Amino acid sequence: DNDSSTWTWQIDHIVPVSKGGTNELSNLGVTIPSANYSKHDLTIEEYLSLCKQVLEHHGYTVSKT
């Protein structure tokens, strides 16, 4: 469903607490639950790398623009 009025949001730690991140506002971001669950305790860089690996494994070409 693309109707944003029905979306559920979660707060995510940009740098996970398990990796030294804090609960300060500057380390928090808004995300959808499925992204938050799949990111788990990865940093943004680790998560993006994992996403790239998964896409490439399935035959997609990923490039930075």
Quiz item: trypsin sites (Lys or Arg not before Pro) within the chain: which are DSSP loop residues with at most 16 other Cβ atoms inside 10 Å?
Solution: LYS64
Self-check item: For the chain, accessible area per residue (1.4 Å probe, heavy atoms of protein chains only), Å²
Solution: 81 Å²
Exercise. Would you mind checking which residues have amide H under 5 Å from LEU28's amide H? H placed 1.01 Å from N; only 5 or more apart, or other chain.
Key: ILE14
Quiz item: Can you pull the percent of the chain's accessible area that's carbon plus sulfur, 1.4 Å probe, other chains left in place?
Solution: 58 percent
Quiz item: When only the heavy atoms of the protein chains count and the probe is 1.4 Å, how do THR65, THR8, THR43 rank by accessible area, highest first?
Solution: THR65, THR8, THR43
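Please state the relative contact order of the chain as a whole percent: Cα pairs under 8 Å, 6+ residues apart? Intermediate results must be reported in sequence, preceding the final value.
Details: 52 pairs, mean separation 17.5, N = 65.
Relative contact order comes out at 27 percent.
The values are calculated or read from the model by the stated rules, or taken from the named source; none is laboratory data. Here the structure is a predicted model, which is why all the values come from computation and not from measurement. Counting neighbours? That spans all protein chains shown, and the Cβs are built from the backbone with ideal geometry, glycine included. Only protein heavy atoms, including side chains, enter the accessible area calculation; ligands, DNA and RNA are left aside. Shrake-Rupley method; radii C 1.70, N 1.55, O 1.52, S 1.80 Å.
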